[in-house]
1. Quick one: which of 123-129, 36-42 comes out on top by average Cβ neighbours within 10 Å, and what's the full order, highest first?
2. In whole Å, largest first, what are the principal axis extents of the Cα atoms in the stretch 93-169?
3. Residue by residue, what Karplus-based ³J(HN,Hα) values in Hz, rounded to whole numbers, does the stretch 62-72 have, using 6.51, -1.76 and 1.60 with θ = phi - 60° and x for Gly and Pro?
4. Need one number for the stretch 35-89: average projected area of the convex hull over its C-alpha atoms, nm².
5. With the full set of protein chains in place, find how many percent of the accessible area of the stretch 3-168 is carbon and sulfur; take the probe as 1.4 Å.
6. For ARG36 and SER105 in the same chain, what is the full-extension length gain: residue separation times 0.36 nm, less their Cα-Cα distance, in nm?
7. Restricting attention to the alpha-carbon atoms of the chain, what are Rg (one decimal) and Dmax (integer), both in Å?
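The values are calculated or read from the model by the stated rules, or taken from the named source; none is laboratory data. Quantities reported herein were computed from a predicted structural model and do not represent experimental measurements. Note that each Cβ is placed from the backbone with ideal geometry, even for glycine, and that neighbours are counted across all protein chains shown. Remember, those area values only see protein heavy atoms, side chains included, never the ligands or the DNA or RNA. Shrake-Rupley method; radii C 1.70, N 1.55, O 1.52, S 1.80 Å.
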Amino acid sequence: MFVIRPEKDDDKAGIRHVNEKAFNRRNEADLVDALRDSEAFIISLVAVHDDQIVGHILFSLVRIEAETGTTDGLGLGPMAVLPAYQNQGIGSMLIKKGLELCQDSGFNIVVVLGHPTYYPRFGFVPSKPLGIQWEHDVPEELFMVVTLADTGLASVTGIVKYHPAFNGV
Ligand SMILES: CC(C)(COP(=O)(O)OP(=O)(O)OC[C@H]1O[C@@H](n2cnc3c(N)ncnc32)[C@H](O)[C@@H]1OP(=O)(O)O)[C@@H](O)C(=O)NCCC(=O)NCCS
């Protein structure tokens, strides 16, 4: 059985381990550690199995900037599941629980840069046709947004900016 819960102080090493193993490099683990000390670190959840951290998801603060003003949203990622535990629904559990907590925290817009066949099952759609673009140029189907409240997207357009720590990844 897997438990999804917010990260605790002594989860840091386990979260590093999951990110390093899932991505097979240190960049995402370093990013999570860098963000943890910033104001952008909003929701961090772990999946636990037999007292071992086997999955992790982070939602960090993004700013959606337009001439008319700036709206706060959250960016999903990085997300990681230990290779031996992938394809068992842990990633899906982390996303669903995470999106619930995003809404509970008052954030109605979540963006993600990621697999175009995976995230739509959680309600994400390409953001560019809705007037929300990432600050970097990527194929349209890779940058997606989900709105968590009826009013969420109605008046929000602009350029999405992540915390500068993402620039190094
Ligand atoms: C992406 C990831 C977190 C998904 O976790 P998971 O626990 O395996 O996810 P789930 O079990 O909920 O879902 C598995 C589904 O995701 C799909 N999936 C996984 N990686 C995928 C990819 N790169 N492209 C498209 N689909 C992918 C699987 O094919 C599977 O599809 P199915 O349900 O139709 O069989 C995990 O594969 C992982 O850690 N990957 C390496 C790190 C990464 O790429 N993170 C995401 C970018 S930040």
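1. By packing density, highest mean first, the sequence is 123-129, 36-42.
2. Here the spans come out as 30, 28, 26 Å, largest first.
3. 10, 10, 9, 9, 9, 4, 7, x, 10, 10, 7
4. On the way: hull surface 20.4 nm².
Average projection, Cα convex hull of the stretch 35-89: 5.1 nm².
5. Working: 4030 of 8440 Å².
That fraction is 48 percent.
6. This chain segment gains 23.1 nm when fully extended.
7. 15.4, 50
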